[in-house]
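Everything below concerns the one structure shown next.
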Amino acid sequence: MDPLGAAGVAGVRFCERCGGVFADVPTSKRIFDSLDRQLLAIGFDAAQGKEKPRDDGHAITCPECQLQMVKNRIDGASCVVDACPAHGTWFDTNEMVDVMRALDRARRKGIVLTGDRPSMPVNLATTPERARTVGEQFVDLVRDWIEPGKR
């Protein structure tokens with residue numbers, strides 16, 4: 001992976017070959033907390049001219065520690081992102097953009113992303129009076145990495 005020098009955003013790297021983006025834990029939190037225009041632009045730029053790979057189900061390793069990352073399905077974005085609890089999140093081509101948009105749509109529907117753990121995953125398209133989504137679960141997971149023991 002090469003550093004994303006042109007954008008000047010600490011904590012974000014991308015692969016010029018495949019268009020994937022790796023965001024460290026604090027940057028992952030920004031991705032899941034808001035529709036950050038600067039990060040959205042990075043996602044677009046990294047994916048430009050790249051085809052989205054098919055997920056073959058194989059686990060990938062963290063580019064920092066080389067340990068197997070945990071797969072997390074984000075239903076509203078129709079994708080699976082890979083996360084390392086210690087170092088951050090890997091987004092395949094255009095997944096960062098898809099996730100940010102899906103979570104923004106959920107927020108616009110009035111779905112509040114809190115630190116409560118859901119009992120079962122559901123789709124982001126459900127109404128606000130529903131069980132928590134997988135995307136929300138992932139936000140919880142990232143928040144637990146950033147602020148352990150706060151619950």
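Here region 47-87 is the region considered, the condition is being modelled with pLDDT of 85 or more and at positive phi, and the residue that is surrounded by the most Cβ atoms within 10 Å (Cβ to Cβ) is 78. When region 107-127 is limited to residues that are at pLDDT 50 or above and of a type in the set (A, V, I, L, M, F, W, C), the one that is surrounded by the fewest Cβ atoms within 10 Å (Cβ to Cβ) turns out to be 112. Which condition number does residue 42 fail, the rest of (1) at pLDDT 75 or above; (2) surrounded by 14 or more Cβ atoms within 10 Å (Cβ to Cβ); (3) farther than 19 Å from residue 13 by Cβ; (4) not acidic (Asp, Glu) being met? All conditions pass for residue 42, except number (3). The residues of region 14-29 that are without any contact (Cβ under 8 Å) to a residue 60 or more places away in the chain and surrounded by fewer than 20 Cβ atoms within 10 Å (Cβ to Cβ), listed by number, are 15, 16, 17.
Looking across 104, 98, one residue alone is over 10 Å from the mean Cα position of the chain (by Cα), of a type in the set (Asp, Glu), modelled with pLDDT of 70 or more and outside any loop (DSSP other than H, G, I, E, B). It is 104.
The values are calculated or read from the model by the stated rules, or taken from the named source; none is laboratory data. Here the structure is a predicted model, which means the values were calculated and not measured. Using ideal geometry, Cβ is built from the backbone for each residue, glycine included, and neighbour counts are taken over all protein chains shown.
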